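This report concerns only the one structure given below.
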Amino acid sequence: MSAELPLSCEELLTTTRSVRRGLDLARAVDAELVEDCLRVALQAPNGNNRQNWRWILLTDPQVRADVAEVYRAAFYDRNAAALERLDELPEETRSVLTAARGLADRLHQVPVLVIPCLELADGRLPEGNQAGLWASLLPAAWSYALAARSRGLVTAWTAVHLDREREVADLLDLPSTVRQGALLPTAYPLRATFRPGPRLPLKDVLHHDGWQGGDLT
């Protein structure tokens with residue numbers, strides 16, 4: 001079991017990145033370590049403490065390869081037009097898309113894939129606002145990413161495969177009542193340190209007392 005990194009709470013929160021390029025694909029990840037991260041994730045808030053989250057842990061090479069094949073097809077379907085004009089895109093957009101393509105091409109090599117799911121009464125997503133529904137899963141998925149980072153692992157948050165959710169569900173023999181929320185490739189990183197990501201200043205996104213309420217300045 002890996003020892004926890006000496007990170008402050010703020011360091012953990014600001015340096016947990018979606019790592020797509022810098023994954024150590026040659027280093028195995030102990031499933032027990034991943035399960036320990038999930039144990040922490042289960043302390044996340046969820047509606048009425050129903051705990052109807054379910055976690056699919058993929059370590060078998062063939063299963064990972066099958067899911068990765070569906071993921072790649074979804075990725076290239078979604079991004080075909082952008083990839084055709086890659087050189088015309090802004091540098092930051094081009095960098096992110098190139099990294100995402102690299103992950104799609106190598107997903108089958110990532111040692112662990114984690115798929116957080118919700119089990120619903122009939123498997124149907126409600127019409128209209130679904131914020132309350134997914135709020136019972138996505139905070140736990142992010143807690144998993146934080147726990148993984150604290151133990152020397154890295155993850156990449158992605159949901160591209162949901163364009164073909166049914167295909168993945170069939171591959172994994174998921175019941176019709178189970179809906180997937182994301183996919184979290186998990187591996188050791190090739191580098192030890194990470195910096196906060198580029199973000200807009202708070203003053204550019206903060207509104208006080210309503211949309212027209214002003215900002216910090």
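The values are calculated or read from the model by the stated rules, or taken from the named source; none is laboratory data. Computed from a predicted structure; not experimentally measured. Methodologically, a virtual Cβ is constructed for each residue, glycine included, from the backbone with ideal geometry; neighbour enumeration extends over all protein chains shown. In case anyone asks, the SASA skips ligands and DNA or RNA and just uses the protein heavy atoms, side chains included. Shrake-Rupley method; radii C 1.70, N 1.55, O 1.52, S 1.80 Å.
One quarter of the surface of the convex hull around the alpha-carbon atoms of the chain equals 14.7 nm², the direction-averaged projected area. Among the chymotrypsin sites (Phe, Trp or Tyr not before Pro) within segment 59-150, not one is in coil by DSSP while having at most 13 neighbouring Cβ atoms inside 10 Å.
The residues of the chain expose, per residue, 56 Å² of accessible area to a 1.4 Å probe.
Quick check: from the Cα gyration tensor, does segment 122-217 come out rounded (a/c under 1.5), prolate or oblate?
In terms of gyration-tensor shape, oblate.
Converting phi to 3J(HN,Hα) with the Karplus coefficients 6.51, -1.76 and 1.60 and the offset θ = phi - 60°, segment 21-28 yields 8, x, 9, 7, 7, 8, 9, 5 Hz in sequence order, with x at every glycine or proline. In the calculated pair-distance distribution of segment 131-174, the portion above 18 angstrom amounts to 50 percent of the Cα-Cα pairs.
Roughly speaking, to the nearest percent, how much of the chain's 1.4 Å accessible area is carbon and sulfur?
Working: 6160 of 12240 Å².
On the chain, the fraction of accessible area on carbon and sulfur atoms equals 50 percent.
From the square roots a ≥ b ≥ c of the eigenvalues of the alpha-carbon gyration tensor of segment 109-156, which class results: rounded (a/c under 1.5), prolate (a/b over b/c), or oblate? Note, shape of segment 109-156 comes out prolate. Note on ALA81/HIS207: beta-carbon distance plugged into 1/(1 + (r/R0)^6) with R0 of 45 Å gives a FRET efficiency of 0.85. When the GluC sites (Glu not before Pro) in segment 118-217 are filtered for DSSP coil states and for at most 10 other beta-carbon atoms within 10 Å of their beta-carbon, the remaining sites are GLU127.
Take every DSSP beta bridge whose two residues both sit in the chain; close to 95 percent of them are antiparallel.
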